[in-house]
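The structure under discussion appears below in the form of structure tokens.
Read-outs throughout are calculated quantities, based only on the coordinates presented, and are distinct from any laboratory measurement. Just so you know, these numbers come straight off a predicted model, no measurement behind them. A quick note on method: Cβ atoms are made from the backbone with ideal geometry, for glycine too, and the neighbour counts reach across all protein chains shown.
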Amino acid sequence: QVQLVESGGGLVQPGGSLRLSCAASGSISSINAMAWYRQAPGKQRELVAIISSGGSTNYADSVQGRFTISRANAKNTVNLQMNSLKPEDTAVYYCKLRDIMRNADYWGQGTQVTVSS
């Protein structure tokens, strides 16, 4: 009964910024990783950024230096700060939680990000 809810998507001009948030609830082990994926129409879903339970992070080359993933003070909550947005960042962004102890993945419903002038 794990649920993930994303928020913060919307329309933004090129060069602008958005902050996405994902809140997970339910029976979740403390050893978990949370990640952001994105999928543009007609394209494969791709990993954007991931953060471990210990706070280590990894980013796709295409967003390195522009996006920052972080855990919020709230339990099982993760943010994605997106700066210097480009039209090619336009996609539906999905939050995923990987429960390491239970070897289970959980996905949110996604939030639309559109970068256009």
Among the strands (runs of 3 or more DSSP E) contained in the range 1-108, which hold 3 or more residues that are in contact (Cβ under 8 Å) with a residue 12 or more places away in the chain, buried (at least 18 other Cβ atoms within 10 Å of the Cβ) and β-branched (V, I, T)?
-> 46-51
Quick one: which residue in D99, D61, D105 is over 19 Å from V5 (Cβ atoms) and of a type in the set (D, E)?
-> D61
